[in-house]
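*Asks:* Supplied in C-alpha cells, the structure appears directly below.
The values are calculated or read from the model by the stated rules, or taken from the named source; none is laboratory data. Note that the coordinates shown come from a computational prediction; the quantities given were computed from them, not determined experimentally. Don't worry about glycine lacking a Cβ; one is built from the backbone with ideal geometry, like all the others, and counts go over all protein chains shown.
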Amino acid sequence: MTRAWILPLTFALSGSAAATTLAFTGSLGAATALVLVFVLLAGLNSPLVFPRSIGALEARRRSAVDGRPVVFWRPGCTYCLRLRLRLGRSARRAHWVNIWRDPAGAAAVRAVNDGNETVPTVFVADRPHTNPDPEWVREQLSPSV
C-alpha cells in the first residue's frame, strides 16, 4: 500500500523543498506557483485519481455477471493515467484492479504479457487487451443498445 504513495509523496516533498528555497530568496509568487505544480503532479499520480480498486477475483466475478471490462492498473503509470482521464466519468463503470495491492491481479497481468506487469491491461469478455485505445475502452463501457 505504501508503494503506491511513494511517487506522489516524492513530488510533494520535492516541490515543498524547492518552493522553500525560492521563498527564502524572496520569490513568493514563483514559490507558490511551484508548489501548485508539484501538488497537481502529486495528485495526478496518486491512487485517489482512480475509481476504488477491488481484488482481481472479485472483479472477474462481477465482470462475468455484468459484462463490464476489468482494468488492471498501478499508481504512477502514465498510460493508466491517460486511460483514466480519457474515460472521464465512464471510468466508474469499469472494474479497476490495482496490481500493486492485489497479487492475484499482478499474476493475471503477467500471465498475459509474457511475464511483464504491463498496464493498463483491460479484460473484456475474458480477453486481454494491453494498453488499448481509450476510445475503444469507452465503447466497451457504453451500455448495449
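*Asks:* Report whether or not PHE123 is in a strand (DSSP E or B) and either of a type in the set (D, E, K, R) or under 20 Å from ILE6 (Cα atoms) (or both). Outline the logic, then answer.
*Replies:* Numbers: in a strand (DSSP E or B): yes; either of a type in the set (D, E, K, R) or under 20 Å from ILE6 (Cα atoms) (or both): no.
Spelling it out, it is not the case that PHE123 is in a strand (DSSP E or B) and either of a type in the set (D, E, K, R) or under 20 Å from ILE6 (Cα atoms) (or both).
*Asks:* Continuing with the same structure: Tell me which residues, restricted to the stretch 64-87, are of a type in the set (S, T, N, Q) and at pLDDT 95 or above. Give the derivation first.
*Replies:* Going through the stretch 64-87, the residues of a type in the set (S, T, N, Q) turn out to be 78.
Matches in the stretch 64-87: none.
*Asks:* Any idea which residue in the stretch 90-101 is farthest from PHE72 (Cα to Cα), counting only those that are crowded, with 20+ Cβ neighbours inside 10 Å and touching a Leu at 6+ places or on another chain (Cβ under 9 Å)?
*Replies:* ALA91
*Asks:* Search the stretch 76-97 for residues that are in contact (Cβ under 8 Å) with a residue 12 or more places away in the chain and more than 19 Å from PHE11 (Cα to Cα) and pair each with any residue that is acidic (Asp, Glu) and exposed (fewer than 13 other Cβ atoms within 10 Å of the Cβ) when their beta-carbon atoms are under 8 Å apart and the residues are at least 6 apart or on different chains.
*Replies:* ARG86/GLU135
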